[in-house]
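*Asks:* Let me give you the structure first, and then I'll get to my questions.
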Amino acid sequence: MDKFIYKKSAGITALSASITDFKYKKHSHKEYAIGVTLRGIQQYNLNGSLQLSYQNGVMLFNPEQAHDGRAHDEQGLDYVMLYIEPQLLLEVIEKKDIVRFSTPIVYDYRLEQRILSLSNAILSEKDDALCSELLLSLTDSLIQTNLSTDYKKDNALIRKAKDMLHTNLENVLKLDEICKELNLSKFKFIRSFKAHTGISPYQYFLNCKIERAKQLIEKNGDIYSAVAECGFVDLTHLNKHFKSVYGTTAFEYISHLN
């Protein structure tokens, strides 16, 4: 049976998941996502190539890196994942500019153990102070293994398009207005956006709406205000999209955190 448990501490979200049939839709997170495959094989497409994370594989996702996800076979899979805000990670490693993971999957025992220590502490609701200390240990291991400062920033047009999408989350996507502002044809814009981000403008927009709803739910615990503020038709509409990205409905998500 598919199972997803989310907990949050010290600004970090931890997920403990067991998947047999569930498949994540293509999406991205604004956070860094760092996880360990505990059992089975995790299969996902990343940057146009198929990735397989076997048992003890450490999976490393950069912010806004589009991916899907599923169990490789009928044996299913268990894994844990940590979602860390870019600002928090940069603060811990004392860097100003965004850094990137240079490899999507590594097999590193020390890094694996530090991810498991932090995820276990968050999932068992240990003190924030302990979680912060464990995060520091984890980032020390990350720096030694896999962080790269070689980062290709979005070009100005894509950055402007993203800003426009973010400021209109409560409305329907007005592609014509964005294209007029950028002075691009609709199809040229879609092609260019997809080449830079890995997902279409509509997928990106929907993703931002879901992520914004998650932030609002975490902040005030009110699912219905998130539905209204993020422009979803109703709770069923939000739940359907929320589940495709987080494996759980918005209602189940908030019940885990409380």
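The values are calculated or read from the model by the stated rules, or taken from the named source; none is laboratory data. Fair warning: this is a prediction, and the values are worked out from it, not measured in the lab. Here the Cβ positions follow ideal geometry from the backbone for every residue, glycine too, while neighbour counts run over all protein chains shown. Remember, those area values only see protein heavy atoms, side chains included, never the ligands or the DNA or RNA. Shrake-Rupley method; radii C 1.70, N 1.55, O 1.52, S 1.80 Å.
*Asks:* Ignoring any ligand, DNA or RNA, what whole percent of the accessible area of the stretch 143-258 comes from carbon and sulfur when the probe is 1.4 angstrom? Intermediate results must be reported in sequence, preceding the final value.
*Replies:* Working: 3420 of 6530 Å².
Using a 1.4 Å probe with all protein chains present, the stretch 143-258 comes out at 52 percent carbon and sulfur.
*Asks:* Within the stretch 1-43, what is the number of lysine pairs with alpha carbons under 22 Å apart, leaving out pairs fewer than eight places apart on the same chain? Provide the component values of the computation, followed by the final result.
*Replies:* On the way: K3/K23; K3/K25; K3/K26; K7/K23; K7/K25; K7/K30; K8/K30.
Total qualifying Lys-Lys pairs in the stretch 1-43 comes to 7.
*Asks:* Something else about it: If you put +1 on each Lys and Arg Cβ and -1 on each Asp and Glu Cβ, how big is the dipole of the chain around its Cα centre, in Debye rounded to 20? List each step's numbers first, then the result.
*Replies:* On the way: 32 positive and 32 negative charges, 191 e Å.
Dipole of the chain, to the nearest 20 debye: 920 debye.
*Asks:* Starting from the 7 Å offset along Cα-to-Cβ, what nm value, one decimal, do you get for the label separation of H72 and M1?
*Replies:* Computed distance between label sites H72 and M1 equals 2.7 nm.
*Asks:* Work out, step by step, the length gained on full extension between T167 and R110: first 0.36 nm times the residue separation, then minus their alpha carbon distance; give nm to one decimal.
*Replies:* Numbers: separation 57, 0.36 × 57 = 20.52 nm, distance 4.13 nm.
Additional length available on full extension: 16.4 nm.
*Asks:* Based on the Kirkwood radius over alpha-carbon pairs, what value in µm²/s does the Stokes-Einstein equation return for the translational diffusion coefficient of the stretch 106-217 at 10 °C and 1.306 mPa s? If you can, show how the numbers build up before the last one.
*Replies:* Details: Rh = 17.2 Å.
After rounding, the answer is 92 µm²/s.
*Asks:* 222 nm [θ] for the chain, helices only, -39500 (n - 2.57) per DSSP H run of 4+, per residue, to 500?
*Replies:* On the way: 10 runs with 119 residues, N = 258.
Value at 222 nm, helices only: -14500 deg cm²/dmol.
*Asks:* Calculate the FRET efficiency for N120 and R159 from the Cβ-Cβ distance with a Förster distance of 30 Å, rounded to the nearest 0.05. Kindly include the intermediate steps, with their values, before the conclusion.
*Replies:* Numbers: r = 38 Å, r/R0 = 1.26.
Once rounded, the FRET efficiency stands at 0.20.
*Asks:* Would you please name the trypsin sites (Lys or Arg not before Pro) within the stretch 1-90 that are DSSP coil residues with at most 15 other C-beta atoms within 10 Å of their C-beta?
*Replies:* Numbers: sites: K3, K7, K8, K23, K25, K26, K30, R39, R70; in loops: K23, K30.
Listed in order of number, the matching sites are K23, K30.
*Asks:* May I ask for the distance between the Cα centers of the stretch 99-118 and the stretch 190-258, given as a whole number of Å?
*Replies:* 27
*Asks:* Moving to a separate point now. Just want to confirm a number: the relative contact order over the chain, from Cα pairs under 8 angstrom separated by 6+ residues, in percent.
*Replies:* On the way: 457 pairs, mean separation 50.5, N = 258.
Result for the chain is 20 percent.
*Asks:* Can you list, largest first and rounded to whole Å, the semi-axes you get for the stretch 67-118 by taking the square root of 5 times each eigenvalue of its Cα gyration tensor?
*Replies:* After scaling each eigenvalue by five and taking roots: 26, 14, 11 Å.
*Asks:* Can you pull out the chymotrypsin sites (Phe, Trp or Tyr not before Pro) in the stretch 65-139 whose DSSP state is coil and whose Cβ has at most 15 other Cβ atoms within 10 Å? Walk me through the numbers before you get to the answer.
*Replies:* Details: sites: Y79, Y83, F101, Y107, Y109; in loops: Y107.
Those that pass, being in a loop and sparsely packed, are Y107.
*Asks:* Report, in debye and to the nearest 20, how large the dipole of the stretch 158-245 comes out about its Cα centre when Lys and Arg carry +1 and Asp and Glu carry -1 on their Cβ.
*Replies:* Numbers: 15 positive and 10 negative charges, 103 e Å.
The calculated dipole for the stretch 158-245 is roughly 500 debye.
*Asks:* Per residue, what volume in Å³ does the Cα convex hull of the chain take up? Before the final figure, lay out the partial values.
*Replies:* On the way: hull volume 32.4 nm³, N = 258.
Cα-based convex hull of the chain, divided per residue, equals 126 Å³.
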